[in-house]
Amino acid sequence: MKRNHGIAAVAATLLAAAGIIFVAGRSKTTAAAVPPAPRTVEVAVVEQRDLPIEREWIGALDGLVDADIKAQVTGYLLRQDYQEGSFVRKGQLLFEIDPRPFQAAVDQATGQLAQARAQLSQAQAGLLQAQAQLITAEANQRKAQLDEDRYVPLVKQQAVTQQDLDNTHQTNEANKAQVAASRAQVETAKAQIEAGQAGVKAAEAALETAQVNLGFTRLTSLIDGIAGKATVQVGNLVGPAGNAITAVSTLDPIKANFTVSEQEYLSLARADALHKLQLKVILADGTEHPHPGRFSFADRQVDPNTGAIQMTALFPNPGNILRPGQYAKVRAIVGTDKGALLVPQPAVTELQGSYQVTVVGPDHHVTTRPVKVGERVGTMWVITSGLEPGETVAVEGQQALRPGAAVTPKPFQNN
């Protein structure tokens, strides 16, 4: 009896152990069959709105007028009369060249003009004298001619002798010769007057040239603007063959020169939109100039090497903050993209030149969809095809998802 009881106890123990193993194995099988929880991903709804079309071009600033100040005569620089970088007015003295040699030339030309005028006056007096002598000679010749004409019939009547007629004839011929000589003197006097007048004009021109050269010793600003640094020092020899001594630029308004493609130019020109553009300037430090500008003009030709055309815009520049040569980006809104679709930029994945997004369906399962992209606008990306308004796309965490996977969406926080 005891032996049977022991066998029964062992059997009961084995059965209990087998039951535990069975239950444990069943529990493991049940645990393995439970699917993993859906991955949490951040999602955003495809947004649709009218979007301004903005273009940006690279350019540089330039003065509205840039006037080089150059020496027109050769001489030693006597002094500098302006502060470099300061605002100067039109006609303001900037430099002075030693005027003494040019003043001497003016004095000499003045004397030569006075001498030429004196010679002209002398020639004019000579003409008057020659004309008086001609009048006298012509009167004497006419009297002699009358006497000769009167003696001819008297000789036939033997009222006077042939000798008297011959004497009268000789007197008449002598008076004719005197008239001819007097006329020659008048012509000579007239020629002397013409020469005198030419001499006066030459002397006047020489004086004017000397005075102009004397004026060139004072180098003044040609415009209102900012004067640059001097390229020479007092005491240097300057002249027309040298470089500009300084430059003055009109900076308010200031020009922004930039280039646009031929296609963009044609699009804007055909739409008559060039003069309607509201232009902005973005400076090298990323800041925007506070004063909007306006289109001024387009260059006369397209560059055949680059296929671009230079455009010029004008921007108000109070205080002359902007300066020529500064780097600038010119921006403008050139149109409106009606009903543009936008998604956050992280929602778009690029793969070998193509783009795709992960779409989260109403059942919270994902699909991968190819899309075509447009421009980036801030933190958003324009989608030109592949999505519909109101669809939901994964923005964060979609890289590890497989098509058809279930997800738990949560709103994307765009910081």
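The values are calculated or read from the model by the stated rules, or taken from the named source; none is laboratory data. Computed from a predicted model, the values in this text were never measured in an experiment. Note: ideal-geometry Cβ built from the backbone for every residue, glycine included; neighbour counts use all protein chains shown.
Please work out which one of (1) assigned to a helix (DSSP H, G or I); (2) touching a Ser or Thr at 6+ places or on another chain (Cβ under 8 Å) is the condition residue 153 fails and give its number.
Against the list (1) assigned to a helix (DSSP H, G or I); (2) touching a Ser or Thr at 6+ places or on another chain (Cβ under 8 Å), residue 153 comes up short only on (2).
If a residue has to be in contact with a strand residue (DSSP E or B) (Cβ under 8 Å, 6 or more places away or on another chain) and in contact (Cβ under 8 Å) with a residue 24 or more places away in the chain to count, how many in segment 200-251 make the cut?
We begin by selecting, within segment 200-251, every residue in contact with a strand residue (DSSP E or B) (Cβ under 8 Å, 6 or more places away or on another chain); these are 216-239, 244-251.
Checking which are in contact (Cβ under 8 Å) with a residue 24 or more places away in the chain leaves us with 216-230, 232-239, 244-251.
The number of residues fulfilling the criteria is 31.
Name the residues in segment 330-379 that are of a type in the set (Asp, Glu) and over 45 Å from the mean Cα position of the chain (by Cα), would you?
Filtering segment 330-379 down to residues of a type in the set (Asp, Glu) leaves 337, 350, 363, 375.
Within segment 330-379, just 363 meets the criteria.
Can you find a residue in segment 390-398 that is modelled with pLDDT under 90, surrounded by 13 or more Cβ atoms within 10 Å (Cβ to Cβ), of a type in the set (Gly, Ala, Ser) and not in a helix (DSSP H, G or I)?
Keep residues of segment 390-398 that are modelled with pLDDT under 90, which gives 396-398.
Checking which are surrounded by 13 or more Cβ atoms within 10 Å (Cβ to Cβ) leaves us with 396-398.
If we keep only those that are of a type in the set (Gly, Ala, Ser) as well, we get 397.
Subsequent filtering for residues that are not in a helix (DSSP H, G or I) retains 397.
Scanning segment 390-398, I find at least one residue that is modelled with pLDDT under 90, surrounded by 13 or more Cβ atoms within 10 Å (Cβ to Cβ), of a type in the set (Gly, Ala, Ser) and not in a helix (DSSP H, G or I), so the answer is yes.
Return the pair list, or none, for Cβ contacts closer than 6 Å from residues in segment 398-415 that are acidic (Asp, Glu) to residues that are modelled with pLDDT under 90, at least 6 apart or on different chains.
From segment 398-415, no pairs qualify.
Condition (residue is touching a helix residue (DSSP H, G or I) at 6+ places or on another chain (Cβ under 8 Å) and hydrophobic (A, V, I, L, M, F, W, C)) applied to segment 88-100: is it met by at least one residue? Can you show your working first?
To start, the set of residues in segment 88-100 that are touching a helix residue (DSSP H, G or I) at 6+ places or on another chain (Cβ under 8 Å) comprises 99.
If we keep only those that are hydrophobic (A, V, I, L, M, F, W, C) too, we end up with none.
Checked against the condition, which is being touching a helix residue (DSSP H, G or I) at 6+ places or on another chain (Cβ under 8 Å) and hydrophobic (A, V, I, L, M, F, W, C), segment 88-100 yields no hits at all.
Which numbered condition in (1) in the same structural domain as residue 392 (by TED's automatic domain parsing); (2) at pLDDT below 90 is the only one that residue 348 fails?
Result: residue 348 fails condition (2) only.
How about segment 277-305: which of its residues are at pLDDT 90 or above, among the polar types (S, T, N, Q) and surrounded by fewer than 16 Cβ atoms within 10 Å (Cβ to Cβ)?
287, 301, 305
Among the residues of segment 84-116, count how many are polar (S, T, N, Q) and either without any contact (Cβ under 8 Å) to a residue 40 or more places away in the chain or touching a Lys or Arg at 6+ places or on another chain (Cβ under 6 Å) (or both). If you could, list the steps in order and put the result at the bottom.
As a first pass, look at segment 84-116 and keep what is polar (S, T, N, Q): 86, 92, 103, 108, 110, 112, 115.
Going one step further and asking which of them are either without any contact (Cβ under 8 Å) to a residue 40 or more places away in the chain or touching a Lys or Arg at 6+ places or on another chain (Cβ under 6 Å) (or both), we end up with none.
Of the residues in that region, 0 qualify.
Are there strands (runs of 3 or more DSSP E) fully within segment 308-384 with at least 2 residues that are in contact (Cβ under 8 Å) with a residue 24 or more places away in the chain and buried (at least 17 other Cβ atoms within 10 Å of the Cβ)? List them.
Values: elements: 308-315, 327-344, 349-351, 354-360, 366-377.
So the answer is 308-315, 327-344, 354-360, 366-377.
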